[in-house]
Amino acid sequence: MEYSEEKKVELKGPKASIMDIFMISLIKTRELAETSVKNSSRFIAYVIFISILVATMTFAVPSASKISSFRGFRNLFMNKVPAFEMTDAGLVADKKFEMKFSNVTILMDTELDQFRFGNFKREGAYIAIGSKYTKMITITDIEDDSSYNETYSYPNNLLFPTGFNNSDLVKMIPGFYISLVFIYAMLATFAALKYILAAVIYAVVTRSLTVISKLPMTFTDALHMCFYAETLGILIVNINSALGYLISPLLVSAAGIIITIFIIHKAMGPHMPDVDDILDKFGS
C-alpha cells in the first residue's frame, strides 16, 4: 500500500547529468532519492558509465600498465619470452619463463611434460605451459590438492603447429589486442548485471521505506536510487581489487554493503512522513 497521494510532492527542476548523479551519489547523498525520481531517463547511461569505470579500474589500467612495462607485445615476444619452438617431440624453450598479467600468472617450463598440483608455489590463476600440454589452472590453497582445478588442458600439438615460434607470436599481436577488448567488454557487462541485481535486492529490502515516502516513488525509482547508492561501495571494492587486495575482499565487500544501506537510509530521510501522518494513515 502506498502513502496517500495528497502527501506526495511534485518534483520539478532541470535534469541532472551523469556526472551530477555520480557526485550526488558520493557527497550529496541526501539528494539521491529526489534525483532518482527526477532523472529516471539517465539510469541506463549511468549503468554504462559505472560498468565502464569498473572494467577500466580493474582490467584496462592494469593491463595497459603491464603492456607498457614490457614495451609492447612485440618486444615481449622477441626479447622477454625465451626462444621456443614447437617440434615433433613437443614444445622446446631455452629457459623457464614466468610473467603475471592482470590476475593470471603465465608459466612456461618445457622440462615438464605438463604442470600438476605440486609444481606451484602459491595460490592463484595460471596459464601453465609444459612441453606436451597447456593448461588453465586455479589453486585456492597451496596445501590442499582438492583446491586444484584445471579449467582446460590441451595438448600442445593441437594448439601449436609444428615450427611455431616467437616470430609466429608476433604475427598474432592483433588477435591479442582484440582479445583484450573482448575481455574488457565482458567484464563491463558482468559488472552491470551484478550491480543491477544487487540494486534489485536492496530495493526489495528497503521497500518499506520507499513505499511510504513523500516522493512519487515507484519500485523502478527505488531500484535506480539503490543502484546510485552502490556507487561509493563499488569504488571501494574495485579500488581494493585493482591494488591487489590490500584488504581482505570479504571485509571490503561487507563494508560496501553497510555503506550502501547507510546511504539509502540517508537518501530517504528527508522524504519520510511524520509519525503523526503515518498514524493518521493507518487510523483512517
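A few remarks follow.
- In the range 134-161, residue modelled with the lowest pLDDT [restricted to those that are open to solvent by less than 80 Å² (accessible area, probe 1.4 Å), aromatic (Phe, Trp, Tyr) and within 16 Å of Ile106 (Cβ to Cβ)]: Phe160
- Ile24 being under 29 Å from Phe190 (Cα atoms), at pLDDT 90 or above, β-branched (Val, Ile, Thr) and open to solvent by less than 80 Å² (accessible area, probe 1.4 Å): yes
- Single residue of the range 64-93 satisfying the filter (assigned to a loop (DSSP other than H, G, I, E, B) and open to solvent by 30 Å² or more (accessible area, probe 1.4 Å)) that is farthest from Lys135 (Cα to Cα): Arg71
- Some residue of the range 35-46 being open to solvent by 50 Å² or more (accessible area, probe 1.4 Å) and modelled with pLDDT of 90 or more: yes
- Of all residues in the range 94-120, exactly one satisfies the criterion of being closer than 25 Å to Thr58 by Cβ, open to solvent by 80 Å² or more (accessible area, probe 1.4 Å) and more than 23 Å from the chain's Cα centre (by Cα), namely Glu98.
- On inspection, Ser102 qualifies as out of contact with any strand residue (DSSP E or B) (no Cβ under 7 Å at 6 or more places or on another chain), within 21 Å of Leu243 (Cα to Cα) and not aliphatic (A, V, I, L, M).
- When the range 230-284 is limited to residues that are modelled with pLDDT under 90, in a helix (DSSP H, G or I) and β-branched (Val, Ile, Thr), the one that is surrounded by the most Cβ atoms within 10 Å (Cβ to Cβ) turns out to be Ile278.
- Checked against (1) open to solvent by 80 Å² or more (accessible area, probe 1.4 Å); (2) at pLDDT 90 or above; (3) among the aliphatic types (A, V, I, L, M), Ile173 passes all but a single condition, namely (1).
- Among residues of the range 128-167 being among the β-branched types (Val, Ile, Thr) and under 28 Å from the mean Cα position of the chain (by Cα), the one that is nearest to Arg74 (Cα to Cα) is Ile129.
- Residue within the range 81-93 that is of a type in the set (A, V, I, L, M), in contact with an Asp or Glu (Cβ under 7 Å, 6 or more places away or on another chain) and in contact (Cβ under 8 Å) with a residue 60 or more places away in the chain present: yes
The values are calculated or read from the model by the stated rules, or taken from the named source; none is laboratory data. Nothing here was measured: the structure is a model prediction, and the numbers come from that model. When we count neighbours, we look across all protein chains shown, and the Cβ atoms used for this are built from the backbone with ideal geometry, even at glycine. These accessible areas exclude ligands, DNA and RNA; they are computed on the full protein's heavy atoms, side chains included. Shrake-Rupley method; radii C 1.70, N 1.55, O 1.52, S 1.80 Å.
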